[in-house]
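Computed from the coordinates by the stated procedures, all read-outs in this text should not be read as laboratory data. Quick caveat, the model's predicted, so the values are computed rather than measured. Quick reminder, even Gly has a Cβ in these numbers, built from the backbone with ideal geometry, and neighbours come from all protein chains shown.
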Amino acid sequence: MASTVSTRPPRTGAGPARARSRPSSVRRPNRLGGISGWLWLVIVLVPIYWILITSFKTQDTYFATNPLVPPGSPTLDNYRLVIESDFPRYFLNSAIVTVGAVVPTLLVSFMASYAIVRGSNLRVMRASGSLFLMGLAIPLQAAVIPIYLIIIKLQLYDTLLAIILPSIAFAIPLSVLVLSNFIRDIPRELFESMRVDGATEWRTLWNLAFPLTRPALVTVAIYNGLLIWNGFLLPLILTQSPNQRTLPLALASFQGQYSINVPAVLASVMLTTLPILILYVIGRRQLLSGLTAGFSK
């Protein structure tokens, strides 16, 4: 019997030919985006550079030289003047107001967000969430007079507590919105597994939801801390004595009748900004993860 020989041509060239036919993806540099980023960086850094170099100038040198030229003989007299002008008291008042408002805001907002997302009665929880969101539609400027009258009735005028309580009230709505959206993204299976293990709602809140929501909590804390630390309207309306001044109000003390000590004001601005920079350096990773968490899920 004659053996059959296969005459089928080999298919060795099909793979490479097919691979060559695929279009190769080449990354093109986004030059317009790079130029825009560098331009924005220059726009941001120039005012910071001006504030820094001006804080080391004397008042006479500031008006006689180019504002963007570094001082020939830097001086610390402006920082000494700021510290001697009762700056530590103003710094302590701002720290008390910020911490006293941010901590209760985080606690109330976190527990309210958990109740809204994981509550048993969905209709009541949704209505509560809508009630919190209504606070975003009320600007602070529109509620200044009612707040002033309430503080007078409570006999809290010219105290730090008069600034803390309204700050908490206006910080809660946005905090609840951010935290509730973050808690809603946590998988249901994790909550159900905690419930199967016999964990109570209180234990689930602090052992499961709290660690997973930490980036959002840091984000909310830094955002509210910035707003309250730089707040000007509430301290202006609800305080009167110099002992209750916060740092934004203290900047006005360097303004005279006919002129302003610009280097001293900018030195106080630099001292005021230091806590915010330190807070950002400590929590920048969790802040960025909290801001981008909603886009990565």
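Each residue of segment 155-164 is assigned a 3J(HN,Hα), and the resulting list reads 6, 10, 5, 6, 10, 5, 5, 5, 8, 5 Hz, derived from the Karplus form 6.51 cos²θ - 1.76 cosθ + 1.60 (θ = phi - 60°), x at Gly and Pro.
If you model segment 133-271 as an ellipsoid using its alpha carbon gyration tensor, with each semi-axis the square root of five times an eigenvalue, the axes come out at 40, 19, 13 Å, biggest first. Ordering of 159-172, 34-47 by packing is 159-172, 34-47, highest average first (other Cβ atoms within 10 Å, averaged per residue).
Each peptide in 262-274, 203-215, 142-154 was scored by the mean count of other Cβ atoms within 10 Å over its residues; highest first, the order is 262-274, 203-215, 142-154.
The length gained by stretching the chain between Ser73 and Ile43 to full extension, at 0.36 nm per residue less their Cα-Cα distance, is 8.1 nm. Considering all C-alpha pairs of segment 61-214, those separated by over 22 Å amount to 61%.
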